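Reading through the structure tokens given below for one structure.
The values are calculated or read from the model by the stated rules, or taken from the named source; none is laboratory data. As the structure is a prediction and not an experimental result, all values here were calculated from the model. Cβ coordinates were reconstructed from backbone atoms using ideal geometry, including for glycine residues, and neighbour counts include every protein chain displayed. The protein model used for the area step is the full one, side chains on, heavy atoms only, and it has no ligands, DNA or RNA in it. Shrake-Rupley method; radii C 1.70, N 1.55, O 1.52, S 1.80 Å.
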Amino acid sequence: MTINLRSSNKILAKAAIILFFFWVIALILLTRPLLNSPQNDIGADVLQRLSKAMSELDSLKERNQELQWILSNFTNEALSGNIKEDVVERLRATLVDKIGGLPINFGGLEKKQSGPSKEYEVKRRGIYKGVQELWYFVNQELEKLKKKGPELISTDLSNLIQEVISSGKEHEAVILNDVQDLSSMEGHDSWRAAEARSLSDLVQRRFHYLQNPADCSKARKLICNLNKSCGYGCQIHHTAYCFIVAYATKRTMILNSKKWRYHRGGWEKVFLPVSETCTDPSGLDRSNWPGTHETQVVELPIVDMLSPRPPYLPLAIPLDLSERMIRLHGDPQVWWIGQFMKYLLRYQPETQTMLDEAKENMNFRRPIVGVHVRRTDKVGTEAAFHSIDEYMFHVADYFNKLDMKQKVEVRRVYLASDDPSVIPEAKKKYPNYEFLGDVSIAKGAAVATRYTDSSLRGILIDIHMLAHSDHLVCTFSSQVCRLAYEIMQTLHPDASHKFKSLDDIYYYGGQGPHQQVAIYPHKSARPGEISFELGDVLGIAGNHWDGFSKGVNERTKQAGLYPSFKAIDKYHIVDLPSYSEVSSN
């Protein structure tokens, strides 16, 4: 067992509080007789009590010296990083004896660290999101007021509002930093890291077991054809959807990737094979989806054509792992999808080498914010145009918050786009930032040149760098942005808050309903709002990032805006195979 200096300081602080407590008691013992005794009895009585109090103070002094000796020795052992469990227990027992049986709490240092409760983790993350939503609302309302115009608002008042916005932003940054610091106290960070590894390892072992049956000729199989006519991010999400269905039905996924549009050599030229032992798509009988349980080979259509639709499509999470997932992660739905990406996107050695060299050549260093600017085929159809200034506003916000905790020497940004003009524009407008990125990658991402070797190399680099950034600013209407965010979840215990989307909330193409549940009642207060009661289920369509979300009350069928902080995600938990054949250790 190890303990850091912060934990040692906490113990010293608590010990000081205990000593102060005894000192206060001693003062009370000294002063009470002076306040309550009659004047003619003060002489002898006070002298007697003073003598007794001095004796008690001498005793306290001795105990204080003993306590300081114990704490000093404990701190030295703590700093060495070799604290053993029996040492902690001996210290606890000794302190209890020395201070007369008062309970001692070592701030979370227990014989066995079981980590924080699920309720604690959910509430902590809820406070973080609540502060964000509060600031979204206040900032937006003040900005609206400031823009009313000179006929309604004076210059002095406009300047005052701007001062309030600036000051409020600093307050928000401090509170959010404090909440993040809170998450690392009491040794919980080490628990989160260990739990994230343990849970992910379990899921990955299940995937390996499913994809490598002992006898491929007898295995139940699911055929996934990598032929969907769409971009790279869309095709990866199509593959992951196939894998989710395979997991839920306990079928080995056979990925047919011959003549893949992004690489004619197929999936295995870029990524490791999805199976080491079973690639033969043949079987005794074959059927299109859904087939029967006994059908050996089932062929899966694209998600748009899937009928009937099973209940385990995203954003569903598995029942047997749901408690651990909800406890660990702020968005267990995206964590679950990230695990499928982790298994699927295991690079071939040549691909990994290419990415490592690209990272080194461009001087990819932390801290860094990943920015993805999606243009071309998306603008005007699936997404609105967003200027580089809109992205950089949130990049600056991230670095400003970070700068309040640590000195940021270089404000570094990895900038990815399918528009070659974006990188030069950003460098010209924001000379105080260091931009990493490659204009040639942007040119290759254009629709006309999308399905080339150089384009594939570029999109692999972009997504890899975006996912490995400390924070992501993008539009969730983009498959590339969402894919980078999903991969990011596999690199941290919980990266659910490491993003800013300029448009949509997170979603998965072809997903089931995304629902929230009201944790507070709400009465409509302005046009366009909806009312709801505690416990009402709300179908969420989006977050306007101004304190309000858009959705429909499924009880009243009323559609409109509602305060984001009054509802939380309602997880769709389904009973999936628990793979008892795979050890949970």
Query raised in the report: So, of the residues in region 532-553 that are farther than 30 Å from ILE368 by Cα and open to solvent by less than 30 Å² (accessible area, probe 1.4 Å), which turns out to be nearest to the chain's Cα centre (by Cα)?
Result: ILE540
**Report entry** In region 353-378, residue farthest from CYS474 (Cα to Cα) [restricted to those that are modelled with pLDDT of 95 or more and open to solvent by 60 Å² or more (accessible area, probe 1.4 Å)]
**Finding:** THR353
Requested in this report: Would you mention how many residues in region 462-483 are out of contact with any strand residue (DSSP E or B) (no Cβ under 6 Å at 6 or more places or on another chain) and of a type in the set (Gly, Ala, Ser)?
Outcome: 2
Query raised in the report: Given the structure, is LEU255 in the same structural domain as LEU313 (by the TED database) and either closer than 22 Å to LEU313 by Cβ or open to solvent by less than 10 Å² (accessible area, probe 1.4 Å) (or both)?
Result: yes
Query raised in the report: Do you know which of the residues in region 554-570 that are open to solvent by 60 Å² or more (accessible area, probe 1.4 Å) and under 24 Å from the mean Cα position of the chain (by Cα) is modelled with the lowest pLDDT?
Result: PHE565
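Condition check ((1) at pLDDT 95 or above; (2) buried (at least 19 other Cβ atoms within 10 Å of the Cβ)) across all residues:
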{"position": "HIS208", "(1), (2)": "yes, no"}
{"position": "PRO213", "(1), (2)": "yes, no"}
{"position": "ILE223", "(1), (2)": "yes, yes"}
{"position": "LYS228", "(1), (2)": "no, no"}
{"position": "CYS234", "(1), (2)": "yes, no"}
{"position": "GLY265", "(1), (2)": "no, no"}
{"position": "LEU272", "(1), (2)": "yes, no"}
{"position": "GLU276", "(1), (2)": "yes, no"}
{"position": "THR279", "(1), (2)": "yes, no"}
Query raised in the report: Which condition number does GLU195 fail, the rest of (1) open to solvent by 30 Å² or more (accessible area, probe 1.4 Å); (2) among the acidic types (Asp, Glu); (3) in contact (Cβ under 8 Å) with a residue 60 or more places away in the chain being met?
Result: (1)
Report task. Would you confirm whether any residue within region 328-350 is surrounded by fewer than 22 Cβ atoms within 10 Å (Cβ to Cβ), of a type in the set (A, V, I, L, M) and not in a helix (DSSP H, G or I)? Result -> no
Requested in this report: Residues being assigned to a loop (DSSP other than H, G, I, E, B) and not polar (S, T, N, Q): count how many of those fall in region 504-557.
Outcome: 30
Requested in this report: Output the number of residues of region 527-585 satisfying the condition of being of a type in the set (D, E, K, R) and in contact (Cβ under 8 Å) with a residue 24 or more places away in the chain.
Outcome: 8
Report summary line: Per the filter on region 231-265, residues in contact (Cβ under 8 Å) with a residue 40 or more places away in the chain and either charged (D, E, K, R) or in a loop (DSSP other than H, G, I, E, B) (or both) are GLY231, LYS250, ARG251, ARG261, TYR262
Report task. Inspect region 301-324 for any residue being of a type in the set (Ser, Thr, Tyr), more than 22 Å from the chain's Cα centre (by Cα), modelled with pLDDT of 95 or more and farther than 30 Å from HIS394 by Cβ and give the result as yes or no. Result -> yes
Report summary line: Requiring at least 2 residues that are open to solvent by 20 Å² or more (accessible area, probe 1.4 Å) and touching a residue at least 24 places away in the same chain (Cβ under 8 Å), the helices (runs of 4 or more DSSP H) wholly within region 385-497 are 388-403, 422-429, 453-467, 479-489
Query raised in the report: Just wondering, is there one or more residues in region 285-292 that are surrounded by 15 or more Cβ atoms within 10 Å (Cβ to Cβ), more than 25 Å from VAL203 (Cβ to Cβ) and either touching a helix residue (DSSP H, G or I) at 6+ places or on another chain (Cβ under 8 Å) or at pLDDT 95 or above (or both)?
Result: yes
